[in-house]
Every structure is written in C-alpha cells, then in structure tokens.
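Here is the structure we will look at.
The values are calculated or read from the model by the stated rules, or taken from the named source; none is laboratory data. A quick note: this is a predicted structure, and the numbers were derived from the prediction, not measured. Virtual Cβ from ideal backbone geometry, glycine too; neighbours counted across all protein chains shown. SASA here: full protein model, heavy atoms, side chains in, ligands and nucleic acids out. Shrake-Rupley method; radii C 1.70, N 1.55, O 1.52, S 1.80 Å.
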Amino acid sequence: MPNCMGGFMRAALRLATVALLSGIAMESFAASQAQIDEARNKGLAWLIVNQGGDGSWKVNATLGIQATSSALEALLNAGIRRGFSFAAGQSWLTNAEAVSTDSLSRQSATLSQCGADVSALTSRLVAMRNARTKSWGAYHQYLGSFPDTSLAMDAMYSTGTSYADTSTTLGFINGRQNADGGWSYVVREPFASQSREIPTAHTAIMLSHYKAAGWGVDTYLTRAVNWLVSRQKSDGGFAEEPSASAGNAYDTALVLRAFTEAKNAGNTAAIAAQAVIDRALDFLVAGQGADGSWEQEPIQTALALLAFPGVTLTDSDGDGIPDGVETILATDPLKPDGRVFAKGNGVGINGVTVPVFIASALLDAPFSETLTASGGTPPYSWQVTGGYLPQGLALGSATGTISGTPTLMGTFTFTYSATDSLGTGSETVGQIAVDRARIRAREPAITYYSTLNNAYAAQPPGAAAVIEIMAGTVAEEIVCDRNVSVILRGGFDELFSTQAGETVLSGSLTVIDGEITVDGVSVQ
C-alpha cells in the first residue's frame, strides 16, 4: 500500500527549521495594535528582502509553491497587490508545476486571489481526487487525507469553482471526525484515531467557509474549535506533537487562522474563545525574531503574518512596499523605488524568455510601453493570455507595444506570452498601475502630468496656462525660466473639482523669466 500521508504533513515534516519556542513568559492579554502593526511591518520587510531572484520564496526544492503561495497571501493580507515583489512572485507561481494536491490547491487559491483565471488548475485538482470516496490524498487518486481534502475543498470555495460533489466530500470529512473533535492525517494509519492540530486546523478553516456559505457544518466546526482550544500550551502557543510542552510559531499561526475564520463565520465556540486567541496572538508577537522573521523561514513568517487581521497599508508612492515597511528598509516612501530589491531573473531557461513587466500609467494620459523577449527565433508574436489590461490600453500582437489612454484607475495584473516564428513560447506576468495624475494643466487643453516640471516644460513660449495640483506634498525644485505666464493653483481634491485644501511644495520655486501666480500653494 503506498504511503498516503497528506501532502501538508510531508511539508511540515520537511521544515527543518520548525523549532519549539520555549522559555517565553506569556501574559493573558492581547498584543496591542501598535505591537501588531510593528510585527507586521517587520515581517513584510523580511519577506521582501528574502525573496528569491526568480520571484519565489523557497524552503527547499520541494516546498517552493507552498512558501510562495503563503508569502503572496501575506502580501495580499496587507493590501499589497502591486509592485515588483508581488508581480514577480505571482509570475513564478503561475509557471510553477504543481504535482501534489497540497501544492495545486494552494497554487489555485492564491492565483485566484491575485485575479488570475485558474479554471484549468481547478479542473486538474478535481481530476486528482479519489474516484470512490470523492476525497483527496497526497497525489493523484491516493486514499483521502484530511489536510489534503480540506485544502482542495477550500480551493473549490475560494476560486468559486462549481463542484457537484460538495455534499459527498463534506460527508467524507465530517463522518470521520474523531470523538474528541479533531482529525488525524489520513484514514488508515497506525494512529488514525489520534487527532492532530494541523489537519484539524485546516479542516476547521475549510468548514468555516462552508458554514458561511450556508452548509450545515456548524456542529462539526464547534467540536473542532473546542478540541483546538483544549490543546493550547501554557505559554499560549500550539504544537503538533502531543509530547511538546511549548508551542511553536507554525502550528500557532495555523490554529489562530482557524479560530479567526470560525469567528468570522459566526461560530459561537470560536467567539467564546477570545481569551485563547489573545494568548496565542501574544505568543506569536513575542516569538518574532529581531530580523522580522519567524525562525528565519518564509512559510512560518508568512503564516504568522496571515494570522494578523487583514488591513490595507498606506503605500504613498505606489511601488508595492507600504510606507511603514519602507521605513524599516531605509527606502523613500515617496519615491517608487521597490525594484531596488530585485535580484535578477535567477534562472535560465531554454527557448523564449519573457521578463516580468511592471509599469505605471496616468489616468487619461497617453501610455506606450513595449514588451521585450529574448531567445528563440524572432520575430515574436504577443498575446494577453489571462487577466486584463487597463481599460483603454491594447497590446499590439506584432509589435509587443501596449499603448492607448487609460480610462480607469486601479492595479491591473495580466499574463502575457511571446511566441517565436517556430511556435516556441513562454508566458509571464505583467502589471500596470493606473493612478490619477496629481497635476493637470487646463489651458489650452486639459492635460495630466506626473510632475510640475513636466507640466511647465510642456507650455509653449508665450503661453498662459493654469496648472492645478492636488492637496498634499509635492517634492520638486521648480525653475521658471521661459516667457510663460502660469497660474499655479493647489489644494485640489482627487477629482480636481474643489480647491478645499493646500499643496505644500517641498523644495524651491525660482522665477527667472515669465510670470507665476501662486494660489493655495505653500513653498517650504
């Protein structure tokens, strides 16, 4: 009989760096919001710096998908959906070959959250299940395991995949819940009746989602939550091994997610377990390393970050690195400098190579960028294969040029391919962030600009122009040295409809020639 231990168990056992956190004195009170915010920023900074050159996060050669999926979801949990780190990670995950149920489930769920079409992946996932029991094991047609089945069912739920055998598969799981309320790893093994934290936590997360969707699983979820509550260690953490006296970050973060999802679904047992949740959160925050990681390992670090409540962190320059994280990394939160952490492609492949494409565009302003490729036999043909370009932009199939005028704000992630003249091709991820320009000129026609210098330089000699700036701070040195008459008006809202505030020009305004009238602008 093949070894059908769940894929996640294999992953957990291979995490050589999963160590018990001992000797931590835990008080029974929740970590403050300031402590959580600081821990989140430090953890995100560690993930960004420790991303691989190929865009992945890896524990070893076998756990790249698990680590990269977890890291991307940690970024998403902080509201990060743009920038080099995010796009490079998504690109690697898109092209990774998932073999196990565990990896394919995670790949499908994460890419779906990134906005990708994952229907081909979920079709593969359904085909991998055990045909008799409608459950999933570690690999294709293996006997069902509880973490694998729960991960696969969660992928069905999170991707919105229509799955006809939901009742049967839920019955497989619920009918095999142990008397104490937990689940083991697999149906048939010497310790099949021995409940463990990891399979129980994964199952509880999945059941929480199906409860929220209206399935009658709350009784099973309540028993699982109560069993997990009983497993908390004296230090506030959780640990998989029954003999362990102290908790560890990996299991604690996973159990915390289970409690959070059950609470969000309205499970009364999870709601009543707030003191348990608070102590576990204290344990996680106290166990963070000085470098911002948990055990210097990407899966544990990402899972710990996912245990914190979801937020949308401020990212003033739109480079995909929140301001608080940039402070830790000593980069400028007002300059889009996220690519400084790019380490290069990191891998060499045969055939056609297409790099990750990241660009910024301005709403209602002309845009034109040309994609690049190397290898193979040119000329190349280009195609958007998934996701969407910003509204108003189109890709030239023969030129590889994305051009047009964006008419909708937002961050748009897409996959694109380049195919050479012999039919060999490759695809990767592109991302274009469309922001409203903070500066516009009204005369002779409304035109948007990224800087005051650009707006001034665009005025012809002898022109009379009105240049408007949104409220906030603009860091520039402006030298007006031409025969141009300009009214510089600041303090506008995001629609340029009202002038209710003031714009601070952080720099100097020097007039050598022409005429400048300042209204609502403070020069500092």
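Points worth noting:
- Within region 309-345, the only residue that satisfies the criterion of being of a type in the set (S, T, N, Q), exposed (fewer than 14 other Cβ atoms within 10 Å of the Cβ) and free of Cβ contacts under 8 Å to residues at least 12 places away in the same chain is 314.
- Test result for residue 120, of a type outside the set (Lys, Arg), surrounded by fewer than 18 Cβ atoms within 10 Å (Cβ to Cβ) and not in a loop (DSSP other than H, G, I, E, B): yes
- Selection status of residue 291, farther than 21 Å from residue 106 by Cβ, crowded, with 22+ Cβ neighbours inside 10 Å and acidic (Asp, Glu): no
- Among the residues listed as 122, 159, 169, the single one being under 16 Å from residue 206 (Cβ atoms), over 23 Å from the mean Cα position of the chain (by Cα) and among the polar types (S, T, N, Q): 169
- Looking across region 394-427, the residues that are open to solvent by 30 Å² or more (accessible area, probe 1.4 Å), under 27 Å from residue 96 (Cα atoms) and assigned to a loop (DSSP other than H, G, I, E, B) come down to 397, 421, 422, 423, 424.
- Region 362-376 - residue that is at pLDDT 85 or above and open to solvent by less than 60 Å² (accessible area, probe 1.4 Å) and, of those, nearest to residue 400 (Cα to Cα): 371
- Within region 294-308, the set of residues being over 14 Å from the mean Cα position of the chain (by Cα) and open to solvent by 20 Å² or more (accessible area, probe 1.4 Å) comprises 295, 296.
- Criterion: polar (S, T, N, Q) and either at pLDDT below 85 or touching a Lys or Arg at 6+ places or on another chain (Cβ under 8 Å) (or both) - qualifying residue of 413, 399, 405: 413
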